[in-house]
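Report on the structure given below.
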Amino acid sequence: MVSMSGLEARFCRSLPWRRITRHQVIPRVAGRVEGPTVLEIGCGSGAMAAEVLRARPDIERYIATDIDPAMVRAARRRLARFGGRAHVQLVDAAGLGFDDESFDTVCSWLMLHHTIEWQRVIDDCVRVLRPGGRLIGYDLPDNLLGRTVHRVTRSSVVLVDPDRLVAHLDDLGLREVITEPMLAGQTYRFEAMR
């Protein structure tokens with residue numbers, strides 16, 4: 001897994017990012033989180049986890065994971081107010097150390113493009129998802145703006161084409177696989193059911 005560049009990490013801890021998540025993203029994705037147990041891969045500073053937990057008081061256990069120790073510390077500070085409902089762990093999404101079929105929802109909020117082997121990450125997410133559970137999230141498509149931003153920030157990323165993601169989810173036997181453009185096509189939402 002690749003960690004974020006310094007510029008990306010600062011942006012993910014910023015007020016503008018929290019506003020974008022609260023007003024543009026959460027209304028379109030939080031309602032898709034189902035069940036009492038949720039795993040987030042690549043939680044960054046915990047901004048999305050905090051918004052989902054705030055919007056969904058019925059979530060009993062939300063495990064937010066990241067590979068970057070600085071992001072894990074930031075997420076722990078941000079999520080401390082949720083007490084025993086929120087847990088933050090240092091975890092590589094390409095090798096999730098959780099039991100098979102242990103989560104109702106697995107989510108990925110704008111992080112797949114930070115992985116080198118996104119297919120391996122998706123495979124492991126599906127492994128820990130319970131039958132009938134949902135894989136949900138959003139990410140950046142492989143387009144000119146995304147490539148330019150990541151070139152400028154010197155980030156080594158693999159932008160995930162939505163059609164390739166759909167094909168991989170279909171190959172894994174997931175049902176109700178969808179993608180939907182968001183933010184004028186600069187991001188896309190995805191969802192699938194095991």
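Can you find, within region 172-194, the residue that is nearest to residue 123 (Cα to Cα) among those that are surrounded by fewer than 19 Cβ atoms within 10 Å (Cβ to Cβ) and acidic (Asp, Glu)? For region 172-194, the residue satisfying everything is 176.
Scanning region 99-113 for residues that are at pLDDT 95 or above, surrounded by 19 or more Cβ atoms within 10 Å (Cβ to Cβ) and not polar (S, T, N, Q) yields 103, 104, 106, 107. Among the candidates 58, 92, the residue that is open to solvent by 30 Å² or more (accessible area, probe 1.4 Å) and in contact with a Pro (Cβ under 9 Å, 6 or more places away or on another chain) is uniquely 58. Take the residues in region 122-151 that are assigned to a helix (DSSP H, G or I) and modelled with pLDDT under 95, then tell me which one is nearest to residue 179 (Cα to Cα). Across region 122-151, the extreme among qualifying residues is 146.
Residue count for region 54-88 under the criterion of being in contact (Cβ under 8 Å) with a residue 40 or more places away in the chain and in a helix (DSSP H, G or I): the result is 3.
Residue 154: over 18 Å from the mean Cα position of the chain (by Cα) and modelled with pLDDT of 90 or more, yes or no? Working first, answer last.
Details: over 18 Å from the mean Cα position of the chain (by Cα): yes; modelled with pLDDT of 90 or more: no.
No: the conditions fail for residue 154.
How many residues are of a type in the set (Ser, Thr, Tyr) and open to solvent by less than 10 Å² (accessible area, probe 1.4 Å) when one looks only at region 26-55? Residues flagged as of a type in the set (Ser, Thr, Tyr) and open to solvent by less than 10 Å² (accessible area, probe 1.4 Å) within region 26-55 amount to 1.
The values are calculated or read from the model by the stated rules, or taken from the named source; none is laboratory data. Small disclaimer: the values here were computed from a predicted structure and weren't measured. Note that we place each Cβ from the backbone using ideal geometry, even for glycine, and neighbour counts take in every protein chain shown. Side chains are part of the model used for accessible areas, which takes the heavy atoms of the whole protein and leaves out ligands, DNA and RNA. Shrake-Rupley method; radii C 1.70, N 1.55, O 1.52, S 1.80 Å.
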